[in-house]
C-alpha cells in the first residue's frame, strides 16, 4: 500500500467552506476505481491546517491518478487554499504496525 499525505493550509476563517468543498473531493475520490481510503484531521494549534491521508493499492495507481485526474479531483478546494498543497508519498510498513498491546522487555525507560 502507498500512503499519500497532503498537508493543507486553508485561508483563516474559510475552514467551514473548505470542509464543504473537501466533501466534494471525497465524493470524487470514492468514484475512482483505484482509490482505497481517505482520512482527514484538523490542526489543534492552527484550525486552518489540515492533514489528509489517501490510501492507494500501488504506486502505479497513484501515478495514473496524479497524471490524469488529480487537479480536477481537488479543484473544489482551490479557492480556500492559503498555500499550495504539500504532498508526500510513503510505502506502508505493515510489520511495524501496532495493532494491540506490545511486549515491553526493558522497564527501566519508565522510571
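Every read-out reported here was derived from the displayed coordinates using simple, explicitly stated rules and does not represent laboratory data. Just so it is clear, the model here is predicted, and its values are computed rather than measured. A quick note on method: Cβ atoms are made from the backbone with ideal geometry, for glycine too, and the neighbour counts reach across all protein chains shown.
How far apart, in nm, are two points set 7 Å out from the Cα along the Cα-to-Cβ line at residue 82 and at residue 38?
It works out to 2.3 nm between the two label points.
For the chain, take the alpha-carbon Rg, divide it by the Kirkwood Rh, and send me Rg/Rh.
A ratio of 1.08.
Pop a pseudo-label 7 angstrom from the Cα along the beta-carbon direction at both residue 11 and residue 47 and give the gap in nm to one decimal.
Going by the 7 Å Cα→Cβ label model, 1.7 nm.
R0 = 35 Å: FRET efficiency of residue 75 with residue 105, Cβ-based, nearest 0.05?
Taking R0 as 35 Å, the efficiency between residue 75 and residue 105 is 0.10.
Helix 59-68 versus the longest principal axis of the chain: what angle, 0 to 90°, nearest 10, using Cα atoms?
That works out to roughly 20 degrees.
Where a ≥ b ≥ c are the square roots of the eigenvalues of the C-alpha gyration tensor, would you call the stretch 44-88 rounded, which needs a/c under 1.5, or, failing that, prolate if a/b is larger than b/c, or oblate?
Note, shape of the stretch 44-88 comes out oblate.
For helix 15-30, report the angle its Cα long axis makes with the longest principal axis of the Cα atoms of the chain; keep it between 0 and 90° and round to the nearest 10°.
Computed tilt is about 80 degrees.
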